[in-house]
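The values are calculated or read from the model by the stated rules, or taken from the named source; none is laboratory data. Here the structure is a predicted model, which means the values were calculated and not measured. Backbone-built Cβ (ideal geometry, glycine too); neighbour counts: all protein chains shown. Surface areas here come from the heavy atoms of the whole protein model, side chains and all, with no ligands, DNA or RNA. Shrake-Rupley method; radii C 1.70, N 1.55, O 1.52, S 1.80 Å.
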Amino acid sequence: GRKMVRVENEIWVTYESGGVIYVVHSTDLGQTWSKKMEIGEGYYPALSIRANVPNAPPGVVWLAPGEQDTIYFSRYVGGDKWGDPVSIVISSSGVDFGPPSFAIGNDNYGHLSYNDNRNVYYTQFYIYNPELTPPELVGSGKNPSIGYMYTIFTPPVHIYWENNGRIYYRARYSSGSWGNVVDVMLGVHPSIEIVGNAAHIVCESFGDIYRRYVYYQGGIPVWSRIERICTTLNPSQYPELTGSSVCVWVESQPGNNEIYFSYSDPEQGWVPGINISNTDAGSNYPHLVHRQVSGSATVYFIWTEADNPPFDIMFHTYTIGGDENLGFYVVGAGDAVRSPFNVERAGYEQYGEEPYKRVDYSDAGLVYQFEGLDARRDYRASVYLYQVGEDNLPLSVVVDGMVFGGVVLPSDTLIVLSHPLPFSLYEDGEIDLRVMGNNRVVIGEIVLYEYEREVEGGGPQSEDDVIFGSSGIMLDVFPR
């Protein structure tokens, strides 16, 4: 489950040390940290908070093993106080639970997924009055990862899990009914990330990291192609996403694990893995969140550092400058598996390995639809135009009936049209983007960027490692 969450300038982190569950809190994006807050006894804590809601209380679930395993919940009350732990699920005698996964929805319900010796289960509870709740069977397997989708006309609850070396998916609708179980791909150690109307999954498979997502277009699930994120020489394990464009993982080097990450660049795809730990000691258990405003995106990482317990928890920031940094929705054109955002095309062509050289084409027009946009955010659209064969190809881009831009596109030349989107176009939560022309229409890639609006305060904007409490308490932890 998630160990770090962020809302505006606040970051919350949970961890376990010596069988005790702790939480720490920063109100300035990691520049300073609270003292550690003890909330219960057990292992494998998972943290969640209502997205985009200032002052919403975070909650933590964790596993307490015993003759009857118990998953507990506690909610933040205020100051350094947390509510008393409440039992949410208790196993039968001799039945072992696996680590829980947890998400708080916009209905103030906690959504919990976990596994026993054979199956994956789901249950929900009201975070302001939690109590024991009967579970629902999701499917056979283990290691579930649960996410909550806040947009309308989509199922709110999404779960990925693994079974016999394959990743599976299932969605639960507001009515309480479940969608079909979907066999997603080969893989283990799944981790979910909800982005707008898309439920992304990253996992490890044969030593590399892969990503796929399901996007709900008009309430209908449409699957993306399977995409490899890293191709490093050493085994890559335990990935996690923030947004759709940044992934962190453990790079298993002989005798010295390191923390690597990559982000998706529109012109080159996923960049080669970047070592952000780079120490002689073992680095493990990475987690991340990000913050993107107009002009820059900052990614916040935590991981554990040391060969043996007690471990230090490290905090690191990495900033990417410019307005075109981390894509919110990325249309991967030019593939046999059509992009979930594409509504109309005639076919595709591939002129090279770069993302923009893989193009969709049509004789009449290309149509893409984007749903799940947030009226509390700002957006920019960048359209990558590329083709080979035509000397001068006239093209125009239209968004919701408004002319976005026009070009005359030479052969073997990349032209990017990039503009902020007026609020009036997406205040209803969706846009329609079309590429028009006289007789042949092509597009290489579309990237929709989402920006938070600035709030008071701010955190470190440089690449620095900080040990939690380095100005006060040092955290010696035994994470599980």
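Equivalent ellipsoid of the range 361-458: semi-axes from √(5λ) of the C-alpha gyration tensor, largest first, are 29, 15, 9 Å.
A Förster distance of 22 Å, applied to the separation of the beta-carbon atoms of Arg228 and Ala336, puts the FRET efficiency at 0.85. Candidate cross-link partners of Lys142 among the aspartates and glutamates, defined by an alpha-carbon separation under 19 Å and a same-chain spacing of 8 or more, comprise Asp69, Asp96, Asp116, Glu162, Asp183, Glu193, Glu204, Glu240. Modelled spin-label separation between Ser93 and Ala346, with each label point placed 7 Å from Cα along the Cα-to-Cβ direction: 7.2 nm. Taken along the Cα-to-beta-carbon direction at a fixed 7 Å, the label points for Phe153 and Glu38 span 5.2 nm. Most tightly packed first, judged by the mean number of other beta-carbon atoms within 10 Å of their residues, the peptides 323-336, 368-381 read 323-336, 368-381. Rounded to the nearest 0.05, the FRET efficiency derived from the C-beta distance between Asp432 and Thr319 at R0 = 45 Å is 0.85. Near Tyr122, within a Cβ-to-Cβ distance under 10 Å, what is the net charge of the other residues, with Lys and Arg +1 and Asp and Glu -1? After counting each charged neighbour, the total is +1. Entry note: the range 142-261 has Rg to Rh equal to 1.00, where both radii use alpha-carbon atoms and Rh is the Kirkwood radius. From most to least packed by mean Cβ count within 10 Å, the peptides 82-89, 227-234 give 82-89, 227-234. Net charge of the neighbourhood of Gln292, taken over other residues with C-beta under 14 Å away and scored Lys/Arg +1, Asp/Glu -1, is -2.
The C-alpha radius of gyration of the chain, expressed as a fraction of 2.2 N^0.38 Å, stands at 0.98. If I compute solvent accessible area with a 1.4 Å probe over the protein chains, what percent of it on the chain is carbon and sulfur? Exposed carbon and sulfur together represent 46 percent of the surface.
With protein chains left intact and a 1.4 Å probe, residues in the chain average 39 Å² of accessible area per residue. With K and R counted +1 and D and E -1, the other residues having a Cβ less than 9 Å from that of Thr232 yield a net charge of -2.
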